[in-house]
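The structure appears below as structure tokens.
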Amino acid sequence: MPANPNDPTALAGGGEAGLPEALRSPTKDVKRSWVTSIVAINIGINIVFFAPINVLLGLQATAIDAGSKEAILSLVTACGASVALVANPLFGALSDRTVSKMGRRSPWILAGAILGAASLLMLSGATTVGLMLLGWCGLQAGANAAYSAVTATIPDRVPERRRGGIGGLAAMGQTVGILMGAVVGFVITGNIAVGYIICAAALLVSVIPYLLRSDDPQLPREFRPDFNLLDFAKGFWINPMTHRDFGWAWLTRFMMNTGNQMTIVYLLFFLTDVVKYPDPAGGVLILTGIYAVMVIISAVILGPISDRSGKRKIFVIVSSIVVACSALIIAVSQNFTGAIIGAGVLGLGFGAYLAVDFALLTQVLPSAKSRGKDMGVINVANSLPQVIAPALAFFAVTVLGGYTALFIVAAVIGIFGALLVRNIRSVP
């Protein structure tokens, strides 16, 4: 007799006999071509996030009204961040319920890429704040729809024993996308429209290898839970008392990202006002490059080592402490050499963290039937610090005593986050 899709106990990790492939725990290794397609999507999505954030939106705000460029940029990015916070778990939840011949995730990857590309084309011709705002929010909705779906494919398809390695490759894709976004901003030489068109093309091309495979497991219609709007909305609250490991994992990731964001948010101002570096923008590019290289190296190496050892928590704890130490290095040295060392240490720790903590998170998800929604809730722990960290950084610099206080507070937050990882019981 098939399991009842409306009975949570039937889908909560045990008793998988009779369940469709989409709701079972994966046991078969994925192919290299599938992994490559996941990396490609991560590259494309991060290009379209970071080329605008780093360069294009600022240039566009200046072109619209140079005297109000800071206010325009703040308004647009804040509204976009608000859309991202809602879109990621929402589209993840919708993909969990999707009944399609393409599977649960592919339709949302396709739809998200199309909406994101259309929004980028709107941005390419935007000459008013309203169009700029609409285009950026549309991009956040589309790109986060695709991102929530592609993130859920990993616990859908990858056995637990391999998730550290796959998480490391996904982190590599994210970092390469960030660097390529910086390259797009550099090569356009002020031509905003061309920059947005390049981003739109990159996003569409990045999803093609995955979509051509068309092998997402399908959710049979009889296994889709009955829809009730109130229950659907309530589903986004995951009680940390009921799902303690998920709650601790969410909190530690939130703290880690907050500390990391605090370390980098005022980096340009730190180089200008404290280090007195003659080319602050160039200095940021150098430090970002060092950081990115170390992220890629540590993520790709330490993710598989975690898989082979069967351990997750020790890697997450140690990498979190390494990240905290990077902030302390910058706080103590306060020169460009110290900043270079700090950037390298930060990348080393954060790359390992991204790979192994991702694997840990996929092992504490409450239910197979809601992997997309649950990973979307986890992604809030990535997005929310981008809103909170600048306010904390401002408070540290202006009230607590300057940049030394800023980096020390960031380190303390990271260390507390590392210590709390010990409270996760179900993962070694």
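The values are calculated or read from the model by the stated rules, or taken from the named source; none is laboratory data. Only a predicted model underlies this, so the values are computations on that prediction, with no experimental measurement involved. When we count neighbours, we look across all protein chains shown, and the Cβ atoms used for this are built from the backbone with ideal geometry, even at glycine. We work out accessible area using only protein heavy atoms, side chains counted, and drop any ligands, DNA or RNA first. Shrake-Rupley method; radii C 1.70, N 1.55, O 1.52, S 1.80 Å.
Structure above, values below:
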read-out: Using alpha-carbon coordinates, inclination of helix 106-124 to the longest axis of the chain, degrees; value: 30
read-out: The range 1-160 - percent of accessible surface contributed by carbon and sulfur, probe 1.4 Å; value: 65
read-out: Heavy atoms of E16: accessible area, 1.4 Å probe, square angstrom to 10; value: 50
read-out: Gain upon complete extension [K101, I208; 0.36 nm per residue less C-alpha separation]; value: 36.8 nm
read-out: As computed over the range 107-233, the Cα convex hull volume per residue (Å³); value: 140
read-out: For the range 166-245, fraction of C-alpha pairs farther apart than 20 Å, in %; value: 65
read-out: Volume per residue that the Cα convex hull of the range 239-338 spans, once the total is divided by residue count, Å³; value: 115
read-out: Highest-fluctuation residue, V48, V409, V387 considered, GNM on the chain with Cα pairs under 10 Å; value: V387
read-out: Ranking by accessible area, most exposed first, for D215, D29 with a 1.4 Å probe; value: D29, D215
read-out: P(r) of the range 155-207 over all Cα-Cα pairs, binned every 10 Å from zero, in whole percent; value: 21, 38, 24, 14, 3
read-out: Accessible area of R224 in the full protein assembly, 1.4 Å probe (Å², nearest 10); value: 80
read-out: Most mobile listed residue (T242, T252, T288) in the chain, GNM with C-alpha springs under 10 Å; value: T242
read-out: Alpha-carbon centroid distance for the pair the range 58-100 / the range 319-354, whole angstrom; value: 29
read-out: Binned Cα-Cα distance frequencies in the chain - 10 Å width, integer %; value: 5, 21, 32, 27, 12, 3, 0, 0
read-out: Net charge dipole size for the chain [Lys, Arg +1 and Asp, Glu -1 on Cβ; Debye, nearest 20]; value: 940
read-out: Debye intensity ratio I(q)/I(0), log10, the range 334-424, q values 0.16 Å⁻¹ (C-alpha model); value: -0.87
read-out: Positive dipole terminus of the chain, leading residue within L19, L328, P217 (C-beta point charges); value: L19
read-out: Virtual spin-label span in nm between E70 and A233, 7 Å along Cα→Cβ; value: 3.9
read-out: GNM flexibility winner over the chain from P304, P52, P220 (Cα, springs under 10 Å); value: P220
read-out: Cα-centre dipole for the range 46-111 with unit charges at Cβ (Lys and Arg positive, Asp and Glu negative), debye to 20; value: 440
